[in-house]
Amino acid sequence: MLRTLYTRLAAGLFVLLLSVGLLYTFISLYSLREYSASVNQTLHRDLATNLVSERNLVREGKLDRVAVEKLFALYMTINPSIEIYLLDPDGRILSYSADPSKIKRNQVSLDPIRQLTNNVGLYPVLGDDPRSHDRRKVFSVTPVPTAEDPEGYLYVVLRGEEYDNAETMARGSQLVALSAWALLISLAVAMVTGLVIFRLLTHRLTSLTRLVQEFESNNMSLSPRVTWRDRRPLVRDEIDYLGVSFDDMASRIALQIEQLTEKDVQRRQLVAQVSHDLRTPLAAMQGYIESLRLRRERLSPYEQDRYLDIALREGRRLSRLVEELFELAALEAREKQPAPEPFPLAELVHDVVQKHGQVARDTQLELTLSGDPTMPIAFADLAMTERVLDNLIGNAIAYSPAGGRIEVVVGQVDGLPQVCVQDSGPGIPTRDLEHIFDPFYRGQVSDGAGHAGLGLAIARRIMVLQGGDISVENRVCGGAVFCIRLPMYNSD
C-alpha cells in the first residue's frame, strides 16, 4: 500500500499535520492558561487592598482579627474561587479561608510577593499555593495594616481549589471536545487540500512511471509509442527534464539492443564461417598428408611432390586466414592504432603497382597507373595505407579474367587525395554491394581459392581509423571500382 509515492506523501502529510495539530493544541492550551492567569491577575491586582479597605480590617492602626475571620467566612460562601490567607512578615501562614485539611504549607515564599509589589505591571507573577508543595498560582497581596507599618500580608490566591475543580470539569467536557473537533476539522481540511495538491504535483510522475513500465514490458527493445515530448513539447521543470531524458535514454537503449541483436547474429555467422574456413584447409592438409603416408610406396615422386605442394599451399592459406583474423580483431579492439604522417600518395601507389606488376603479367593482365601525380599530400599511416592498396589490387587481379585490364587512377575529390582501382571482372551483384565490406562476406562471385572475405573488412576498418573513406560501385562497361580517400596534410 505504501509503495507508491503518492501514498507515502499522503502518509507523511497525515503524520506532519497530526504532529503540528497536537503541538498547536499544546501550545494553545498553555498560552491560553498563561493568558487567563495574566488577565485574572490584572483584573484582581487590587483585590487584597480593596478587601482591607472595604471590609474595615484595620481599626485604629491595628489589624482587626475578628473582621478578618468574618471576611474568610463570607468569601468562602460568595466567591469560592479565591482563597484568602493572612501571613506574618516572614510569610508564615497565620489564618486562612481554605479547608484546613487541604493546607500543605506552613509558609509561602516572599520573593513573588516583593516582585509583584515592586513591579505592578509584570504579569503573571506566580506565588506558592499553600495547598501544594510545588504548585504555583497567580495572587493578589497587600501589606496589613499599612504598607508603612506592616504586620503581615493579606495573601489572596485568585484561582483556588474550587476554580481548579471547575476548570478541570470544563476542560474535561466542553473545552476538550471543542479542541478535538477543531483539531479534527483542521486536519481533515488540510489533509484533503494536501492530497489534491499532491495529486496535481505527482500525476506527471505517474505518467512517467507508466512510460517506464511500458518500455520495461517490451524488454526495452522498443521505444514507447507515445513519448514524453509528444505530451509536453516544452521543458518547464525537473519532471519534464526527466521525461525528455528518459525519451533519449529509451531510444538509445532500444537502438543499442537492436545493434547488439544484430551483432549477435553476425557473431554466430562469424563463428560458423570461421569454423568452415578453418576446417576446409585443415581437412585438405590432413587428407593429402594421410594419403602420402598410407600410399607413399605406390606414389611416384611427382605425385608425392604434388601432394606436399597442395598441403603446403593449404597450410599457407590457413596461416593467412589466422593472421587476417588476428589483424581484424586488433583493429576492432583498437589495439592497433594508426601513426599518421605526411607522405606523397602518388609515390606510394606507384610502388605498390610496381610490386604487383609481375603477378599481373603472369596472369595475363594489364596493370596500369594513371591520373594526376600532383595530388595533395596525404596524412595517414603509410604501412596501413599500403596494406589497403595491396588488398584492392590483389582482389582486382584475382577476379579479373585473363587478358583483362586493371587501372589504378590517382586524383583528388573535394581537395582530398583519392585512389581508385578499376578491374575488368564480372562486377558485384547489386544485393551484395551493401555487404561487401562485412567480414567473411564473399557474395556470389568467389573463386574458391581461399579468400575468406576478411580483406575488405580490414581495409574498411583501416580507413575508418585513419579518418578516411572507402567505397565501391560497378562500372557501366563491366567490372568494379574501389576508391579510397585519405585526409589531406595541413602544414598549419
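All of LEU392, LEU365, LEU345, LEU433 fail the test of being in contact with a helix residue (DSSP H, G or I) (Cβ under 9 Å, 6 or more places away or on another chain) and within 21 Å of ALA457 (Cβ to Cβ), apart from LEU392.
Scanning region 354-396 for residues that are part of a helix (DSSP H, G or I) and buried (at least 19 other Cβ atoms within 10 Å of the Cβ) turns up HIS356, ALA360, MET384, THR385, VAL388, LEU389, ASN391, LEU392, ILE393, ASN395, ALA396. For region 104-120, a residue qualifies if it is closer than 27 Å to THR42 by Cβ and part of a loop (DSSP other than H, G, I, E, B), and the qualifying residues are ARG105, VAL108, SER109, LEU110, ASN119, VAL120.
Going through (1) out of contact with any helix residue (DSSP H, G or I) (no Cβ under 9 Å at 6 or more places or on another chain); (2) closer than 28 Å to ALA402 by Cα one by one, ARG279 falls short only on (2).
Here's the yes/no breakdown for (1) part of a helix (DSSP H, G or I); (2) free of Cβ contacts under 8 Å to residues at least 12 places away in the same chain; (3) assigned by TED's automatic domain parsing to the domain that holds PHE437; (4) under 30 Å from ASP438 (Cβ atoms):
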position: ALA180; (1), (2), (3), (4): yes, yes, no, no
position: ILE185; (1), (2), (3), (4): yes, yes, no, no
position: VAL189; (1), (2), (3), (4): yes, yes, no, no
position: GLY194; (1), (2), (3), (4): yes, no, no, no
position: LEU222; (1), (2), (3), (4): no, no, no, yes
position: SER245; (1), (2), (3), (4): yes, yes, no, no
position: ARG252; (1), (2), (3), (4): yes, yes, no, yes
position: GLN269; (1), (2), (3), (4): yes, no, no, yes
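Of the residues making up region 317-353, those that are more than 41 Å from the chain's Cα centre (by Cα), of a type in the set (D, E, K, R) and surrounded by 14 or more Cβ atoms within 10 Å (Cβ to Cβ) are ARG317, ARG320, GLU324. Note on region 224-243: residues that are surrounded by 11 or more Cβ atoms within 10 Å (Cβ to Cβ), among the acidic types (Asp, Glu) and not in a helix (DSSP H, G or I) amount to 0. Considering only residues in region 274-301 that are hydroxyl-bearing (Ser, Thr, Tyr) and surrounded by fewer than 12 Cβ atoms within 10 Å (Cβ to Cβ), the one that is farthest from GLU314 (Cα to Cα) turns out to be SER300.
Farther than 30 Å from LEU454 by Cβ, of a type in the set (Lys, Arg) and modelled with pLDDT under 85: is that true of ARG279 in this structure?
In short, no.
Of the residues making up region 253-268, not a single one is among the aliphatic types (A, V, I, L, M), more than 30 Å from LEU211 (Cβ to Cβ) and surrounded by 12 or more Cβ atoms within 10 Å (Cβ to Cβ).
Among the conditions (1) touching a Leu at 6+ places or on another chain (Cβ under 9 Å); (2) modelled with pLDDT of 85 or more, GLU151 misses just one, which is (2).
Out of VAL421, VAL445, one residue alone is over 44 Å from the mean Cα position of the chain (by Cα), of a type in the set (A, V, I, L, M) and modelled with pLDDT of 90 or more. It is VAL421.
The values are calculated or read from the model by the stated rules, or taken from the named source; none is laboratory data. These numbers come from a predicted model, not from an experiment. Here Cβ is always computed from backbone atoms with ideal geometry, including for glycine, and neighbour counts include all displayed protein chains.
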